[in-house]
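The values are calculated or read from the model by the stated rules, or taken from the named source; none is laboratory data. What you see is a predicted model; the values in this text were computed from it and never measured. Heads up, the Cβs are rebuilt from the backbone with ideal geometry, glycines too, and the neighbour counts pull from every protein chain shown.
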Amino acid sequence: MTVFLVLGVVGLVLLGVSLVLGDVLDGALDVVAGDAFSTAVIGAFVSAFGFGAAAVEAAGFGMVVALPVGLVAGVAFGWFAAWLTRLLRGGGTDAPPSTADTVGREGQVVTGIPAEGFGVVRVYVDGQLLRLNARADSAIEVGTAVHVTGVLSPTAVTVAPVWNELP
């Protein structure tokens, strides 16, 4: 049982190293494509194999039962680590919001918009603040709530004041 516990601890250490330092075995096991033999997968397999077999042996079953149970536990945890690694690597990030994403949203005038010129508005898109140049059909004062009606360029939009509903 001591050998299995040592294997479990070695697997945990290897898994911890892979979480902190990344894939330390990168390139050493490139014979098999993909993440089948990454540091995290090997660490998860060895750890689950060791602790699973130790638990079965501690329950009073012999080595004949402990080895297959440890192997099944190792394969299951190794598969889960490979799946989780693929999921995290393939997740990517969302693209930053663009000026086109502001159309139809409400914002607020930061710098007054003259009748024949540009001012500045701020618009929140998916939790991110965008400050854009803005043009309107008529002058709009600072602090006025506006509705983005169109895109003029990557840094400029057209806006109109938000209408308040009548009671």
Note: among F61, F51, just one is free of Cβ contacts under 8 Å to residues at least 12 places away in the same chain, in the same structural domain as V13 (by TED's automatic domain parsing) and of a type in the set (F, W, Y), namely F61
Take the residues of segment 36-66 that are among the β-branched types (V, I, T) and within 17 Å of V6 (Cα to Cα): which is surrounded by the most Cβ atoms within 10 Å (Cβ to Cβ)? V46
Quick one: is L129 surrounded by 14 or more Cβ atoms within 10 Å (Cβ to Cβ) and within 14 Å of T102 (Cβ to Cβ)? no
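Would you mind stating whether V69 is surrounded by 14 or more Cβ atoms within 10 Å (Cβ to Cβ) and touching a Gly at 6+ places or on another chain (Cβ under 8 Å)?
Yes; evaluated as a whole, the condition is true for this residue.
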In segment 112-152, the residues that are of a type outside the set (A, V, I, L, M, F, W, C), part of a strand (DSSP E or B) and out of contact with any strand residue (DSSP E or B) (no Cβ under 8 Å at 6 or more places or on another chain): Q128
Quick one: is A115 of a type in the set (A, V, I, L, M), under 14 Å from P161 (Cα atoms), touching a Gly at 6+ places or on another chain (Cβ under 6 Å) and assigned by TED's automatic domain parsing to the domain that holds A156? no
Name every residue in segment 72-98 that is closer than 30 Å to A156 by Cα and either aliphatic (A, V, I, L, M) or exposed (fewer than 13 other Cβ atoms within 10 Å of the Cβ) (or both), in order of residue number. G92, T93, D94, A95, P96, S98
Name the single residue that is nearest to S98 (Cα to Cα) among those in segment 132-166 being of a type outside the set (A, V, I, L, M, F, W, C) and free of Cβ contacts under 8 Å to residues at least 24 places away in the same chain. D137
